[in-house]
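Written out below as C-alpha cells is the structure these notes cover.
The values are calculated or read from the model by the stated rules, or taken from the named source; none is laboratory data. These numbers were taken from a predicted model, which means no experiment stands behind them. Every residue, glycine as well, gets a Cβ built from its backbone with ideal geometry; the counts of neighbours run over all protein chains shown.
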Amino acid sequence: MNNDNLLRLDNVTMAFSGKSRNQDTIIAAEDVSLSIPAHKPSVTTIAGESGSGKTTLARMALGIIKPTSGRVIYNGQDIWQMSPDQRKAYRREVQAIFQDPFAVFNPFYTIDRLLRTPIRMFNLARNRTHARDMIVNALEKVGLRADEVLGRYPHQLSGGQRQRIVVARSLLLQPRLIVADEPVSMIDASLRANILTKLKELRDDFSISLLYITHDLATAHQISDKLLIMYRGRLVEGGDATSVIQQPQHPYTQLLVSSIPRPAPEKPWQGRITIPVEELAVKSDRNGCLFRHRCPHAMPECAQHTPPYYRGNAGQSVACILHKENGIAVNQAGQITVSQ
C-alpha cells in the first residue's frame, strides 16, 4: 500500500439518520477525498460556513465517528481495521485541539492532571522527575512558564493560556498530525494571532502537520499551505491557499472571499445574503451542483449532474462547469500537492 500520505480520506460519506422513520437522513459529508503528505509537514485547512461538514470531516479523521462509506487511512492502514497496538500508536500520533479551550478541562482538577495523564497512559516518562521535566519543556515551547500555570485550576487561567496548554499537551505525545477544529474562534481577538503563530510553529519547529478547520478565511490565509473549500458536505475548490484566496474560482469561494471584513468606512455593508428555501430543505435534491440556487451563473446543466473537478485558472481544482473548457483536473480538490 502507498504510504506517501500520512492521512488519507478516501471518498468518505457521513449520513446521519433520524431516530424515527419520519425523520430525514442528513448528509453531513459526501464523497470527500483528501490527503496529507507524509514526507513534508504541512498545514491543510478546510473552510466553509457553519453546517458545511467541516467538523464531521475532523471527527472522521480523528476516528471519533466511522464514515457511512469510504475509508480513513493513516500511515497506510485503515483506522477501523487496526490492531490494538496500531490503534494505540494512531491515538498518540494524531492529536486534537478543539474549539472550546475550557471544555477539555475538568474544573475540579488542576491543569497538572491534564498534562500528566497522557504521560502515564503512554508510559512516556521514567519517573516523576522526568515527567515534570517533560511538562515544563512542553509549556515553554508554547510560551508558558510552569510556575505561572502549574497548580492552578482552569478558571484561574485565561482562554489563551488554556488553549496553549492544550497545545502543550499534544506536544508531550510528539504527534505527527494535529487536527485543530476552530481553535481560536472562542478566544479574544488580541490572543488569536499568538495562538495561530504557535500552531504554525508546530509545522516549522516540530515537523508536525496540521489539519485546520475554520470558517474564517483570514486566519486560513495566515497559516495554510493548502486550502479546501467545503459547501454542504462537498469539497468545491482546493489548491494553494494564496491562490484560492486571491484568485477564487468557484462562485461559492468568491462569495466567501468577498465577505472577508476589510477596513473601508466609506463603503458601508449593503445588505445581507438570503439563502433560498430550496437550499435549506433537508429533502432538497443533492443531484447537480448544490450551490446552483445561490449562484449568479447557474444554468440548466448545473441541475443535471454533479460537476467533476476541473482545472481552475489559478491552478486549483474546482467543481464548477464554468471551467469545463479547461479540462478535468488531475487531482481532486483535497488531493492537490502544494509545493512549499
Can you report the number of residues in the stretch 113-133 which are assigned to a helix (DSSP H, G or I) and under 28 Å from the mean Cα position of the chain (by Cα)?
8
Flag if LEU173 is touching an Asp or Glu at 6+ places or on another chain (Cβ under 8 Å) and not polar (S, T, N, Q)
yes
With the condition kept exactly as written, say whether any residue in the stretch 46-63 is assigned to a strand (DSSP E or B) and closer than 23 Å to THR214 by Cα.
yes
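Before we move on, is GLU279 outside any loop (DSSP other than H, G, I, E, B) and at pLDDT 95 or above? Reasoning before the result, please.
On the way: outside any loop (DSSP other than H, G, I, E, B): yes; at pLDDT 95 or above: no.
Against the criterion (outside any loop (DSSP other than H, G, I, E, B) and at pLDDT 95 or above), GLU279 does not qualify.
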Just need a number here: residues in the stretch 303-335 that are more than 24 Å from ASN5 (Cβ to Cβ), modelled with pLDDT of 90 or more and under 28 Å from the mean Cα position of the chain (by Cα).
6
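The rows are residues; the columns are (1) surrounded by 15 or more Cβ atoms within 10 Å (Cβ to Cβ); (2) closer than 22 Å to GLU201 by Cα; (3) of a type in the set (A, V, I, L, M, F, W, C).
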| residue | (1), (2), (3) |
| --- | --- |
| THR110 | yes, no, no |
| LEU124 | yes, no, yes |
| ASP133 | no, yes, no |
| LYS141 | yes, yes, no |
| ARG145 | no, yes, no |
| SER158 | no, yes, no |
| GLN161 | yes, yes, no |
Since SER224 meets every condition but one in (1) at pLDDT 90 or above; (2) more than 19 Å from ILE245 (Cβ to Cβ); (3) among the polar types (S, T, N, Q), which condition does it not meet?
(2)
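Output the residues belonging to the stretch 92-112 that are in a loop (DSSP other than H, G, I, E, B) and touching a residue at least 60 places away in the same chain (Cβ under 8 Å). It would help to see each step written out before you state the result.
Residues of the stretch 92-112 that are in a loop (DSSP other than H, G, I, E, B), as a first pass: 98-110.
Scanning the stretch 92-112 gives PHE98, GLN99, ASP100, PRO101, PHE102, VAL104.
So which of LEU202, LEU210, LEU235 is among the aliphatic types (A, V, I, L, M) and either in contact with a Ser or Thr (Cβ under 6 Å, 6 or more places away or on another chain) or farther than 16 Å from PRO41 by Cα (or both)?
Details: LEU202 fails: either in contact with a Ser or Thr (Cβ under 6 Å, 6 or more places away or on another chain) or farther than 16 Å from PRO41 by Cα (or both); LEU210 fails: either in contact with a Ser or Thr (Cβ under 6 Å, 6 or more places away or on another chain) or farther than 16 Å from PRO41 by Cα (or both).
Of LEU202, LEU210, LEU235, the one residue that is among the aliphatic types (A, V, I, L, M) and either in contact with a Ser or Thr (Cβ under 6 Å, 6 or more places away or on another chain) or farther than 16 Å from PRO41 by Cα (or both) is LEU235.
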Return the only residue of ASP85, ASP24, ASP78 being out of contact with any helix residue (DSSP H, G or I) (no Cβ under 9 Å at 6 or more places or on another chain) and either in contact (Cβ under 8 Å) with a residue 60 or more places away in the chain or crowded, with 19+ Cβ neighbours inside 10 Å (or both).
ASP24
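Is it the case that the stretch 192-202 has a residue that's under 16 Å from PRO37 (Cβ atoms) and either aliphatic (A, V, I, L, M) or assigned to a helix (DSSP H, G or I) (or both)? Can you show your working first?
Kept after step one, since they are under 16 Å from PRO37 (Cβ atoms), are these residues of the stretch 192-202: 202.
Then keep just the ones that are either aliphatic (A, V, I, L, M) or assigned to a helix (DSSP H, G or I) (or both); that gives 202.
Within the stretch 192-202, one or more residues are under 16 Å from PRO37 (Cβ atoms) and either aliphatic (A, V, I, L, M) or assigned to a helix (DSSP H, G or I) (or both).
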